[in-house]
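*Asks:* Provided herewith is a single structure, encoded as structure tokens, for subsequent inquiry.
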Amino acid sequence: MAVKSDTWIKRMVREQDMIRPFSPRQIRKGISYGLSSYGYDFRVADEFQIFSGINFTEIDPKKPHDKALTAVKARSILIPPHSFALARTVEYFKIPRSVLTICMGKSTYARCGLIVNVTPFEPEWEGYATLELSNTAPLPVRVYANEGIAQLIFLESDEMCEVSYADKKGKYQAQKKITLAKL
């Protein structure tokens, strides 16, 4: 596997509609987003689900409680100390069969105690990614919609995978909104 450059990313966007909408250069309005040398900085949409934790004693991935989350549509949100929120990307992704992605949070947010967790985008996964935004700080952290939140690094294999996410009919395929854990 090899990390792919901005030239490769542009070509894949043209040929396979890999990222939509696509910014072919870094946009430095607010927290930056768009194409970088070896990755793509994506944005967080204005749709959030903030964990309240009221009246719950645990978080169980096998029994997700949608009532433990409060849906918010806003230009920015505050994530309480030692809590988290779910969000989704502005961009819709279509990952080619020979590609796997790794996501890293942006340093601007990392320096505020925010961890952005996104699992790898598997070969032939597509959709808006659901993001977990975890505030490790002792104070609330503000997150701004429609600005950069994390960077994707694209790894391309020399050969096609035997079974892609689409082949196995993955449960998070083509998600259009923030998606809670599924079994």
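*Asks:* When the residues of the stretch 149-183 are narrowed to those that are outside any loop (DSSP other than H, G, I, E, B) and more than 14 Å from the chain's Cα centre (by Cα), which ends up nearest to Ile77 (Cα to Cα)? Quick ask: steps written out before the conclusion?
*Replies:* Within the stretch 149-183, the subset outside any loop (DSSP other than H, G, I, E, B) is 149-156, 175.
Next, from what is left, pick out any that are more than 14 Å from the chain's Cα centre (by Cα): 155-156.
Values: Leu155: 32, Glu156: 35 Å.
This residue is Leu155.
*Asks:* While we're on this one: Looking for whichever is among the aliphatic types (A, V, I, L, M) and surrounded by fewer than 18 Cβ atoms within 10 Å (Cβ to Cβ) here; the options are Ala181, Ala150. Which one fits?
*Replies:* Numbers: Ala150 fails: surrounded by fewer than 18 Cβ atoms within 10 Å (Cβ to Cβ).
Checking each option against the conditions leaves just Ala181.
*Asks:* Of all residues in the stretch 127-148 being in a strand (DSSP E or B) and among the β-branched types (Val, Ile, Thr), which is farthest from Arg43 (Cα to Cα)?
*Replies:* The extreme case among them is Val141.
*Asks:* Moving to a separate point now. What pairs can you find where one residue is in the stretch 2-14 and loosely packed, with under 15 Cβ neighbours inside 10 Å, the other is β-branched (Val, Ile, Thr), and their Cβ atoms are less than 7 Å apart, with a gap of 6+ or different chains?
*Replies:* Val3/Ile153
*Asks:* Next question. Scan the stretch 96-113 and report the pairs whose first residue is farther than 15 Å from Ile153 by Cα and whose second residue is part of a loop (DSSP other than H, G, I, E, B), with Cβ atoms within less than 6 Å and a gap of 6+ or a chain change.
*Replies:* Note: pairs meeting the criteria are Arg97/Pro123; Arg97/Glu124; Arg97/Met160; Arg97/Ser164; Thr108/Ile31; Gly113/Thr136; Gly113/Ala137.
*Asks:* Listed residues Lys106, Lys67; which is under 22 Å from Pro138 (Cα atoms), of a type in the set (Lys, Arg) and either crowded, with 19+ Cβ neighbours inside 10 Å or at pLDDT below 95 (or both)? So that I can check it myself, show each step before the final result.
*Replies:* Numbers: Lys67 fails: under 22 Å from Pro138 (Cα atoms).
Every option except Lys106 fails the conditions.
The values are calculated or read from the model by the stated rules, or taken from the named source; none is laboratory data. Please read all numbers here as calculations on a predicted model, not as lab measurements. Reconstructed Cβ throughout: ideal geometry from the backbone, glycine too, with neighbour counts over all protein chains shown.
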